[in-house]
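Below you'll find the structure, written out as structure tokens, and then a few comments.
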Amino acid sequence: MRPYCSSPLTEAWDQYDAYLFDIDGTLVVSEDAVHYFAFCDALKMLSGQVLNLDGVVAHGNTDRGILRDALLLNGIPEEQWRPLLVQGCEVMRDFVRAHKDELRVRALPGVANLLSHLAERGAILGVATGNLEAIGRSKLEAAGLGQFFTCGSYSDQDEFRQDVFRRAVTSVRAQIGDGGRICIIGDTPADIRAARFNGIDIFAVATGVYSIEELRKEHPDMVCSTFLDLPIRK
């Protein structure tokens, strides 16, 4: 399938000064349940009950937001868990550290070539992800991608995706200045909406759970089915 676009971004997709990538479903896919059980461990601490993520929308959410939504869905009073949320995030980090050897994470098709190409062009590469930093970095390292990224933002401080993106953009702006051009790359409608909220161009890729048709409905600057569709000019 050839890339769909609603602007000239298709031909100029690699001409930005900086790129901010979502992790899960955009750069990598996890073939383990370590992150999932980290949530379960934290939810048990926060609620005093055995809970899971049934009914929670995780794709396009943040780790803090997923904990919040699971607790609210199960009727746990906010006054009970809100003061402990920072501690709950640390429980998640500790769980992933303890089970790091069990991570089975692979880069999605075309990702390594894409990142190498952009790095060779001198672009700054960062992340804008709903993962907690320790968890996101562990996934990137497990997939062999950690060396590409020099900046970005995680969900350690933010529950909402637009705030994670704002923090990432601020981080990049400190390096490239106000005149530099930034593109965010993600795989969910939430990524598109959060990029629009921050006034940043958004390139959507249908490598996660959302189809190319579902992503088109949010009117990204560009959308393609896979990074393999992109023309890489030498």
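Taking the condition of being open to solvent by 30 Å² or more (accessible area, probe 1.4 Å) and polar (S, T, N, Q), how many residues in the range 49-71 meet it?
Final tally of qualifying residues: 2.
Is it the case that the range 106-113 has a residue that's in contact (Cβ under 8 Å) with a residue 24 or more places away in the chain, on the phi > 0 side of the Ramachandran plot and not in a helix (DSSP H, G or I)?
Yes, the range 106-113 contains a residue that is in contact (Cβ under 8 Å) with a residue 24 or more places away in the chain, on the phi > 0 side of the Ramachandran plot and not in a helix (DSSP H, G or I).
Suppose we filter V209, V205 for residues that are within 21 Å of A58 (Cβ to Cβ), touching a residue at least 60 places away in the same chain (Cβ under 8 Å), touching a helix residue (DSSP H, G or I) at 6+ places or on another chain (Cβ under 8 Å) and of a type in the set (A, V, I, L, M); which single one remains?
None of the others qualify; the one that does is V205.
Exactly one of these conditions fails for A195: (1) closer than 20 Å to R64 by Cβ; (2) surrounded by 23 or more Cβ atoms within 10 Å (Cβ to Cβ); (3) in contact with a strand residue (DSSP E or B) (Cβ under 7 Å, 6 or more places away or on another chain); (4) in contact (Cβ under 8 Å) with a residue 40 or more places away in the chain. Give me its number.
The number of the failed condition is (4).
So, in the range 114-142, of the ones that are outside any helix (DSSP H, G or I) and of a type in the set (G, A, S), which residue ends up farthest from L20 (Cα to Cα)?
Ranking the qualifying residues of the range 114-142, first place goes to G122.
When you scan the range 119-147, how many residues do you find that are buried (at least 22 other Cβ atoms within 10 Å of the Cβ) and either over 15 Å from the mean Cα position of the chain (by Cα) or among the β-branched types (V, I, T) (or both)?
Final tally of qualifying residues: 3.
Looking for something hydrophobic (A, V, I, L, M, F, W, C) and without any contact (Cβ under 8 Å) to a residue 12 or more places away in the chain - is there at least one such residue anywhere in the range 114-128?
no
Could you tell me which residue of the range 18-48 is surrounded by the fewest Cβ atoms within 10 Å (Cβ to Cβ), considering only residues that are charged (D, E, K, R), touching a residue at least 40 places away in the same chain (Cβ under 8 Å) and farther than 30 Å from I176 by Cβ?
The selected residue is E31.
Among the listed residues D158, D101, D94, identify the single one that is in a loop (DSSP other than H, G, I, E, B) and modelled with pLDDT of 95 or more.
D158
Residue check: is G75 open to solvent by 10 Å² or more (accessible area, probe 1.4 Å), free of Cβ contacts under 8 Å to residues at least 12 places away in the same chain, part of a loop (DSSP other than H, G, I, E, B) and of a type outside the set (V, I, T)?
yes
Of Q147, Q175, which residue is assigned to a helix (DSSP H, G or I), of a type in the set (S, T, N, Q), at pLDDT 95 or above and out of contact with any helix residue (DSSP H, G or I) (no Cβ under 6 Å at 6 or more places or on another chain)?
Among Q147, Q175, only Q147 is assigned to a helix (DSSP H, G or I), of a type in the set (S, T, N, Q), at pLDDT 95 or above and out of contact with any helix residue (DSSP H, G or I) (no Cβ under 6 Å at 6 or more places or on another chain).
Out of T170, T207, I need the residue that is within 30 Å of G88 (Cβ to Cβ), outside any strand (DSSP E or B), among the hydroxyl-bearing types (S, T, Y) and under 13 Å from the mean Cα position of the chain (by Cα). Which one?
Result: T207 is the single residue among T170, T207 that is within 30 Å of G88 (Cβ to Cβ), outside any strand (DSSP E or B), among the hydroxyl-bearing types (S, T, Y) and under 13 Å from the mean Cα position of the chain (by Cα).
The values are calculated or read from the model by the stated rules, or taken from the named source; none is laboratory data. Predicted, not measured: the structure shown is a model, and the values here were computed from it. No Cβ is skipped: glycine too gets one built from the backbone with ideal geometry, and neighbour counts run over all protein chains shown. These area figures cover heavy atoms from the full protein model, side chains too; ligands, DNA and RNA do not enter into them. Shrake-Rupley method; radii C 1.70, N 1.55, O 1.52, S 1.80 Å.
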